[in-house]
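Report on the following structure.
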Amino acid sequence: MYQINEFNEKAALDNALADKVAALLSQAIETKGKASLAVSGGSTPKGFFKALSQKTLPWKKVTITLADERWVNIDDDASNTKLVHEHLLQNNASEAKFFHLKQGEALTDETLTDLNLAAKSSLLPLDVLILGMGEDGHTASLFPCSDEIQTGLAQDNPNALLKVQPKTAPHQRISFTFSSLIKSEAIFLHIAGAGKKTVLNKALGKQDILEMPIRAFLQHPQINTQVFWAE
Ligand SMILES: O=C(O)[C@H](O)[C@@H](O)[C@H](O)[C@H](O)COP(=O)(O)O
């Protein structure tokens, strides 16, 4: 299921999403003493990150991570870790903890196993998940072009994370699996621009999740993905 929340301009969208996420994180902290948030990279979220970073909440009790990461050095401009440190882990949110997906030099099977164990024990299920969407309907690093897409979307995949080698985007990736992301308490799809609305309408028009992986979230019968969109 999904619900579309439309805004007249991106600043209003970013502020509304930041308000909503701040409230959900505060609620999780009140309920269980901690909260976890996974965000996506790309160009869309910078304004949202800045707005969220300025919110007043017990940030020391929040752990932030990424829905996916490019396996590059964290000082590389392509790094989502760099993006989050420069735009979200600032201001009040600088007190939050960060769970690094990019750990070590090579993404070896051993590294992946260690990350899976750590994510499952200290992070999952997520309280709040912010997804982006590419023009091809990928989300996180669940790319339709990748050989790993069926594994990445498998509802019974016991793993939290997987390696992905997209064919239409640069860099080896590490991504949370659909099976781990769909268990998030609250899921948002954050998109902006007319082009992304066209992609969203295409995603809503058919069922094939291998063609457009974002469909696996939008058409899930129990999970209500909140789409936040502005022109
Ligand atoms: O690592 C990444 O690139 C993201 O996690 C990816 O899933 C992103 O959210 C979409 O590609 C949308 O990116 P834009 O916001 O740049 O359109």
Point to revise | Subset of 61/163; 20/206; 163/206; 20/61; 20/202 violating a 24 Å alpha-carbon distance limit | key: 61/163; 20/206; 163/206; 20/202
Exercise for review: Send over a whole-number figure in Å² for the accessible area per residue of the chain, probe 1.4 Å.
Suggested key: 44 Å²
Practice item. Read phi for every residue in region 168-175 and hand back ³J(HN,Hα) as whole Hz from Karplus 6.51 cos²θ - 1.76 cosθ + 1.60, θ = phi - 60°, with x for Gly and Pro. Key: 10, 9, x, 6, 5, 10, 10, 9
Exercise for review: Select from 118, 47, 175 the residue farthest towards the positive end of the dipole of region 2-230; place +1 on Cβ of Lys and Arg, -1 on Cβ of Asp and Glu, and compute about the Cα centre.
Suggested key: 47
**Study point:** Relative contact order, percent, region 120-200 [alpha-carbon distance under 8 Å, six or more residues apart]
**Key:** 39 percent
Practice item. Considering Cα pairs under 8 angstrom that are at least six residues apart, work out the relative contact order of region 2-230 and quote it in whole percent. Key: 24 percent
Point to revise | Within the accessible area of the chain (1.4 Å probe), percent carbon and sulfur | key: 49 percent
Practice item. Give the distance, in whole Å, between the Cα centre of region 86-133 and the Cα centre of region 172-220. Key: 20 Å
Practice item. With 22 Å as the limit, write out which pairs from 120/183; 120/167; 102/196 have Cα-Cα distances beyond it, or answer none. Key: 120/167; 102/196
Study note, to complete from the structure: the chain: spread of alpha-carbon positions along the three principal axes, whole Å, largest first, is 42, 42, 34
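Scanning the chain for helices, which whole DSSP H stretches are 30 Å or more long along the axis (Cα) and average -0.5 or more by Kyte-Doolittle? Write out the running numbers ahead of the final one.
Numbers: long enough: 10-32 (33 Å, 0.25).
Flagged H segments are 10-32.
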Revision key, fill the gap. For region 150-155, Karplus-derived ³J(HN,Hα) couplings (6.51, -1.76, 1.60; θ = phi - 60°; whole Hz; x for glycine and proline) come out as 5, 5, x, 9, 4, 5
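The values are calculated or read from the model by the stated rules, or taken from the named source; none is laboratory data. None of the values given here were measured: they were computed from a predicted structure. As a convention, Cβ positions derive from the backbone with ideal geometry for all residues, glycine included, and neighbour counts pool all protein chains shown. Remember, those area values only see protein heavy atoms, side chains included, never the ligands or the DNA or RNA. Shrake-Rupley method; radii C 1.70, N 1.55, O 1.52, S 1.80 Å.
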